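The structure appears right after this line, and notes come after that.
The values are calculated or read from the model by the stated rules, or taken from the named source; none is laboratory data. Computed from a prediction, not measured in an experiment: that's the story for all the values here. Reconstructed Cβ throughout: ideal geometry from the backbone, glycine too, with neighbour counts over all protein chains shown. Keep in mind that these areas ignore ligands, DNA and RNA; they rest on the heavy atoms of the full protein, side chains included. Shrake-Rupley method; radii C 1.70, N 1.55, O 1.52, S 1.80 Å.
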Amino acid sequence: MKGVQIVEPNKLQIVDLEKPQIDKENNVLVRMVAAGICGSDVGIYHGTNAAATYPRIIGHENMGIVEEIGEGVTRVKVGDRVIIDQVTACGHCYACRKGRPNVCGNLKVRGVHIDGGYREYMAVPDRDCYLVPEILSDEEAVMIEPTTIAVQCCSRAQLESEDTVMIIGSGALGSSILRIVKLYNPKAIIVTDIDDAKLEEAKKNGATYTINSLKEDVPTKAHELTDGYGPTVTIDAACVKGSLLTALQATGNAGRVITMGFSVAPTEVNQFVITSKELDVRGSRLQNRKFQDVIDLVNEGKVDLRGSISHTWNFEDAQAAFDFVDSHDPSYRKGVLTFKK
């Protein structure tokens, strides 16, 4: 079989791999059908993801069809369409004992620390397989995983209906977060970005207010829109230089700031802006068993993931796909690699 391997930063190759066999632990063989292109995949390609190791078969938004199951497997059957949980954890460290395996001390993420889904077959434990809702196409199903990230960050923010929420960034991540934030019926949702077209789309999708950060000072405008108080929750979905400080400056007293970035580049913050307002600054990483939550939301009609995919490529054209993502073409929203023959 073949797969997409990042040999080292900025070096992508299509490589021949041995087809995996199921065993007692990895008791489900999945034939890959579609895998999303995430910002973190691009980061691994460019060498800016501090968690990644090389060489690596990337891909963590992985959907496929069950081709073989081991003895005693009842969770899935041959022919099922499944989405695969990307988190593997030890189960016994402090974080795991506290019910937070997504930050396990021995965490291994498929596509980051261990090989992921940009290959034709994967063998995984049945507990990591979730049935894809019938309403979603194969390509649309990859959106389940990024939506789990959004559900996780809203969980970390402990959102309530009395909150005013600001989302910094209206790309694929910010748009997924907006979908979930709306379900909490907050008092208002503010979305910031540098692209007017993305802000207009956010308005259509439920944002109460939008701010173009190239044209207006975000903390000042955010305070104006919240009667001088500031948002009670700010989620940094842009994760760029300066966005964390913007979030801290904009957020009102006793508010929560959720960080999601993985950059190791220094960023300017000061203690006063946190301590004086007694802000809670919380990281949100991956997801903590949120796949079924998202699938239930889709099946209940509360979250619509259809129409999210703007571009698809065959997996053997991964280099062209990543080059296109790097071009920042305005038509691009979300890309998927397909494995269909």
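Observations on the structure shown:
- Mean-square fluctuations from a GNM of the chain, with a 10 angstrom spring cutoff on Cα atoms, peak among 103, 78, 233 at 78.
- Between the amide H of residue 120 and those of 2, distances stay under 5 Å, these residues lying 5 or more places away or on another chain, with hydrogens modeled in the peptide plane.
- Integer Hz, Karplus 6.51/-1.76/1.60 couplings in order for region 128-142, x for Gly and Pro: 9, 9, 10, 5, 7, x, 4, 5, 9, 6, 4, 5, 5, 4, 5
- Note: relative contact order over region 258-335, using C-alpha pairs below 8 Å and six or more positions apart, is 26 percent.
- Only Cα pairs under 8 Å and 6+ residues apart enter the sum, and on that basis the relative contact order of region 138-249 stands at 28 percent.
- GNM flexibility winner over the chain from 227, 217, 317 (Cα, springs under 10 Å): 227
- Beta bridge orientation in the chain: antiparallel %, DSSP, nearest 5: 55 percent
- Relative contact order of region 208-341, pairs being alpha-carbon contacts under 8 Å that are 6 or more residues apart, as %: 16 percent
- Across region 73-190, counting alpha-carbon atoms alone, Rg and Dmax equal 16.6, 47 Å.
- Accessible surface computed residue by residue for region 150-233, with neighbouring protein chains in place and a 1.4 Å probe, gives 45 Å² per residue.
- Excluding exposed DSSP-loop GluC sites (Glu not before Pro) (at most 15 other C-beta within 10 Å), longest clean stretch of the chain: 72-133
- Averaging 1/r over each pair of different alpha-carbon atoms in region 188-341 and inverting the result gives 18.1 Å, the Kirkwood hydrodynamic radius.
- Distance violations [Cα-Cα > 22 Å] among 215/241; 187/334; 98/182; 198/334: 187/334; 98/182
- Accessible surface of the chain [probe 1.4 Å, protein heavy atoms]: carbon and sulfur percent: 47 percent
- Straight-line cross-link reach from residue 108 at under 18 Å between alpha-carbon atoms covers these aspartates and glutamates, not counting any fewer than eight positions away in the same chain: 25, 41, 61, 85, 126, 128, 145.
- Listed residue (49, 60, 118) projecting farthest to the positive dipole end of region 39-158, Cβ model: 49
- Alpha-carbon centroids, region 197-225 and region 137-155: separation in whole Å: 24 Å
- Both radii were evaluated on the Cα set of region 1-83; the Rg over Rh quotient, with Rh as the Kirkwood radius, amounts to 1.04.
- Just checking the listed ones, 277, 108, 182: in the Gaussian network model of the chain with Cα springs under 10 Å, the one fluctuating most is 277.
- The magnitude of the dipole of the chain, with charges of +1 and -1 set on the Cβ of Lys/Arg and Asp/Glu and taken from the Cα centre, is near 640 debye.
- Of all complete DSSP H helices in the chain, those with a Cα span along the helix axis of 15 Å or greater and a mean Kyte-Doolittle hydropathy of -0.5 or more are 144-157, 172-182.
- The share of alpha-carbon pairs in region 203-243 lying farther apart than 17 Å comes to 35%.
- Label of the coordinate-derived value, Kirkwood radius over Cα pairs in Å, listed as [x] 22.5; [y] 25.9; [z] 20.7: [z]
- Mean Cβ count within 10 Å, highest first, over the residues of peptides 27-39, 237-249, 280-292, 5-17: 27-39, 237-249, 280-292, 5-17
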